[in-house]
Number of protein chains: 2
Amino acid sequence: MSVVEKLHTADPDVVATMRDIGAHARDAAKVLRSAPRKQKDAALLAAAMTIRADVDLILAANEKDMEAAQARGLTGAMLDRLKLDDDRIEAIAKGLEAIVELEDPVGTTITEWDMPSGLHIERRRVPLGVIGIIYESRPNVTADAGALCLKSGNAVILRGGSESFHSSRAIHTILEHGLDAAQLPSKAIQLVPTTDRAAVGEMLKGLDGSIDLLVPRGGRSLTERVTNDARVPVLGHLDGLCHVYVDKDADIEMAQKIAINAKLRRTGICGSAETLLVDEAVADTHLPAVVKALQDAGCEIRGDEKSQALVPGISAATVEDWSTEYLDAIIAVAVVPGVKGALAHIAEYGSQHTECIVTDNQETADKFLTDCDSAILLHNASTQYADGGEFGMGAEIGIATGKLHARGPVGLEQLTSFKYVVRGSGQTRP
Amino acid sequence: MSVVEKLHTADPDVVATMRDIGAHARDAAKVLRSAPRKQKDAALLAAAMTIRADVDLILAANEKDMEAAQARGLTGAMLDRLKLDDDRIEAIAKGLEAIVELEDPVGTTITEWDMPSGLHIERRRVPLGVIGIIYESRPNVTADAGALCLKSGNAVILRGGSESFHSSRAIHTILEHGLDAAQLPSKAIQLVPTTDRAAVGEMLKGLDGSIDLLVPRGGRSLTERVTNDARVPVLGHLDGLCHVYVDKDADIEMAQKIAINAKLRRTGICGSAETLLVDEAVADTHLPAVVKALQDAGCEIRGDEKSQALVPGISAATVEDWSTEYLDAIIAVAVVPGVKGALAHIAEYGSQHTECIVTDNQETADKFLTDCDSAILLHNASTQYADGGEFGMGAEIGIATGKLHARGPVGLEQLTSFKYVVRGSGQTRP
């Protein structure tokens, strides 16, 4: 039963609550659309100050979530994602201040030109309207996503995971306080006040046309559900199945460093590498060097027959391994016939997220960068650079792998649209 | 019963045919993605030549469609849209040549920058993949849409109206011939070979993930069905309910000229004005002047009480008139309290397509241009300028009023996405 179907049995109170939230967001969006940068920044600075002042309140709320999570037997990694401490709360405040420093994209001229008719045409950046964010346990998303949407002039409806309900509510109350302090509508950032899953179903239906864009943040089951069931546009990605291809003209040492960083710097993020491809022309030399370096760094290797023959300690990869996002210290390894073979493998099993080629051959690199159809292609750099901050965009709300609207890191600019402003002197069209 | 539901009773042959078309398009898109400009232009030039050479064949095919349409009792306007003659066929050939002249957007660098990490980041334009176009009776769309998709490196699946079946097939055969001549896959431009409506349902479902974007071209019932039922992204607009607002600081003569042009130059296009708003401060002078000019030009006027009191021959407008796209020589007229009143009226009844303000007051114009949330805002120029050609984009495939991906005229650039090409020298992320 899909989420949308579940709706038909939804609590009428949830439906009414969500409809109100949608209407409030739509109203708030009208004010935010033309809110000046100063006012938006003031709200964020006030919130950052209050977060520091109210650390104890946030910790107490988080303690409730942690107790409930432990009682429900959540695992270590999930508990860690949920937990807040002084440092993490300070990081949330700093995150808000970092967004204050970013340029306001709204109202800027993207491009302008004159026409022979005498018309002057300007393409001017405008907010999208109302963004819906559906996320899981990490409570800091409440602040990050709320602040990014506010700064880009959008109203936002936040639907956090039930595990982080109290923590998110504490942070949200502080954001509301910041909006109040800056004389902005407090409904500019709303948190869904129920953990009833029917609320998600309502958001997927768009709240009577109130939601312009949905952004899921979380594991595959969440993003898949949102992507499949949403009746409004969705920005995000299902998988981050990133590849590192070591070409025959790769420097062995560089290949080792990049492979280790791409796989192991942080294994739980979408930009971590999941598959290593090695050119058959140098499989004898490069594959053992890179694989052993990964093994020494504590990585489990699952390889095709050729890899297994070259290095001991490689278990057999099944077809499933080529399309598995491990998000763990495990990597799949395959020997491929050159750059064409790498491109074919990526086209068949990849997720159009981020791929890397290691080679000193400019021509081979150009072929890879041109022919590969993923959102981010890197030459001689780790896939872990797939990040809005590393692209110079400041904070990001996620990474998109679709080709419509925004692709790659989704930051402030990607949360905007544009309109054409045309100035004439009485022109009528012949 | 929605189109998607109808599917369940669809002819299995249609389902299989459409699945094959989807798979062929996906394969063709892989080749088109990196096809050089020369090759795409060669295909279009060959097609243009063949269209001129095969005028008689096209006319004969069109004659079949015209006979069937007359037998079914189609009205004059529909017959006119369907009809081809020597001039219209020459216009189709010229249209192809005009697209040849346009710059190829694919592979161009949109922007590039360096990061402190030493990474050089380039945002490079790429095609979207496979576009599905669902259109009605005008056979020239077959050539226009096919050519625009080809030039932008996309494969296209064309589903024309059943009325123009033979004409579209004749034109499509010529496009295929052009593709062959240029050694491009003939499946780059496919025409759905059946008039079974189940084929549309299959396209709305996306043909197993083969369609990246749907563009409906036609009347409201078509665009509404596509927008509501599609499970893939749709670019287009439902209504073109454009407004002309005559401000208290408007030059009367300019207001007259713009109103007449905006309403009457061509009444059947989406950029034609449907509602005239006049500032109450000058209603006594400006409204009669503009309305009488429209009446003299043969336009029917439906007005609110204030308008009716000012000029004879105005019938009473109902609430429905404020949201009716007449596409005819009829205009609704209302007196509003200044620019704020105009903005409120447009926000309540508009379709976020195109609006115009006539005023000599720069401050008032700026308020209108900034606060109005439509795709195209014009100051002292006719709404009929809402057109890709008049924006300098060359040919267009339609106008989009949504805020995601493309807004306003949809030309070659709007049929593309981008990817990030990142060049490093061995960077690993700290």
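Quick one: angle between helix B:283-296 and the longest Cα principal axis of chain B, in degrees between 0 and 90, rounded to 10, please. Value to nearest ten degrees: 60.
Helix B:338-349 and the longest principal axis of the Cα set of chain B meet at an angle near 50°. Bridgeable lysines around A:Lys83 (alpha carbons under 20 Å apart, same-chain partners fewer than 8 residues away excluded): A:Lys64, A:Lys94. Taking a ≥ b ≥ c as the square roots of the eigenvalues of the Cα gyration tensor, the stretch A:242-385 is rounded, since a/c falls below 1.5.
Starting from the Cα gyration tensor of the protein assembly as shown, take the square roots of the eigenvalues, sort them a ≥ b ≥ c, and report rounded, prolate or oblate (rounded when a/c is under 1.5, otherwise prolate if a/b is larger than b/c, else oblate). The shape class here is oblate. Could you tell me whether the stretch A:3-229 comes out rounded, prolate or oblate from its Cα gyration tensor? Rule is a ≥ b ≥ c as square roots of the eigenvalues, rounded for a/c under 1.5, then prolate if a/b exceeds b/c, otherwise oblate. Since a/c reaches 1.5 but b/c is at least a/b, the shape of the stretch A:3-229 is classed as oblate. Give the lysines reachable from A:Lys205 as a straight Cα distance under 16 Å; neighbours fewer than 8 places away on the same chain don't count. Cα-Cα hits under 16 Å: A:Lys6. Straight-line reach from A:Lys40: taking Cα to Cα under 18 Å and skipping same-chain neighbours fewer than 8 places apart, the aspartates and glutamates in range are A:Asp27, A:Glu97, A:Glu101, A:Glu103, A:Asp104, A:Asp144, A:Glu176, A:Asp180, A:Glu396, A:Glu413, B:Asp371. With 29 Å as the limit on Cα-Cα distance, the pairs of A:Lys340/B:Lys151; B:Lys263/B:Lys403; A:Lys30/B:Lys257 that go past it are A:Lys30/B:Lys257. For the stretch A:350-405, the set of GluC sites (Glu not before Pro) satisfying both a DSSP loop assignment and a count of at most 11 other C-beta atoms within 10 Å is empty. Shielding by partners for peptide B:380-391, expressed as the average number of C-beta atoms from other protein chains within 10 Å of each residue's C-beta, is 5.
Across chain B, the relative contact order, built from alpha-carbon pairs under 8 Å that are at least six residues apart, equals 18 percent. Site pair B:Lys30 and A:Asp13 shows an inter-label distance of 5.5 nm when each label is modelled 7 Å from Cα along Cα→Cβ.
Hey, what angle do you get for helix B:362-371 against the long axis of chain B, alpha-carbon based, 0 to 90 degrees rounded to 10? Orientation of helix B:362-371: about 50 degrees from the principal axis. Summed over qualifying helices (DSSP H, 4 residues or more, each -39500 (n - 2.57)) and divided by its residue number, chain B shows a 222 nm mean residue ellipticity of -13500 deg cm²/dmol. Take each residue of peptide B:409-417, count the partner chain Cβ atoms within 10 Å of its Cβ, and average: the result is 1. Cα centroids of the stretch B:191-255 and the stretch A:237-303: 46 Å apart. Sorted shortest first, the separations between the B:Asp13 label point and its copies elsewhere in the assembly read 5.7 nm; each point sits 7 Å from Cα along the Cα-to-Cβ line. Taking the number of Cβ atoms within 10 Å of each Cβ as an exposure proxy, the fewest-first ranking of A:Val14, A:Val336 is A:Val14, A:Val336.
Among residues of chain A, the one whose Cβ lies closest to the rotation axis carrying chain A onto chain B, together with that distance rounded to whole Å, is A:His405, 2. Contact order, relative form, for the stretch A:337-430: 21 percent (alpha carbon pairs under 8 Å, 6 or more residues apart, mean separation divided by residue count). Each part gets one Cα centre, and for the stretch B:44-95 versus the stretch A:37-59 those centres are 66 Å apart. Only bridges with both residues in chain B count here: give the DSSP antiparallel percent, nearest 5. About 30 percent, rounded to the nearest 5. Comparing Cα centroids, the stretch A:115-170 and the stretch A:334-360 end up 34 angstrom apart.
Listed from fewest to most Cβ neighbours within 10 Å, the set B:Cys149, B:Cys372 follows the order B:Cys372, B:Cys149. Distances between copies of B:Ala181, taken at a point 7 Å out from Cα along the Cα→Cβ vector and listed shortest first: 7.0 nm.
Laboratory data are not the source of any read-out in this text; all were calculated from the coordinates shown. Note that the coordinates shown come from a computational prediction; the quantities given were computed from them, not determined experimentally. Heads up, the Cβs are rebuilt from the backbone with ideal geometry, glycines too, and the neighbour counts pull from every protein chain shown.
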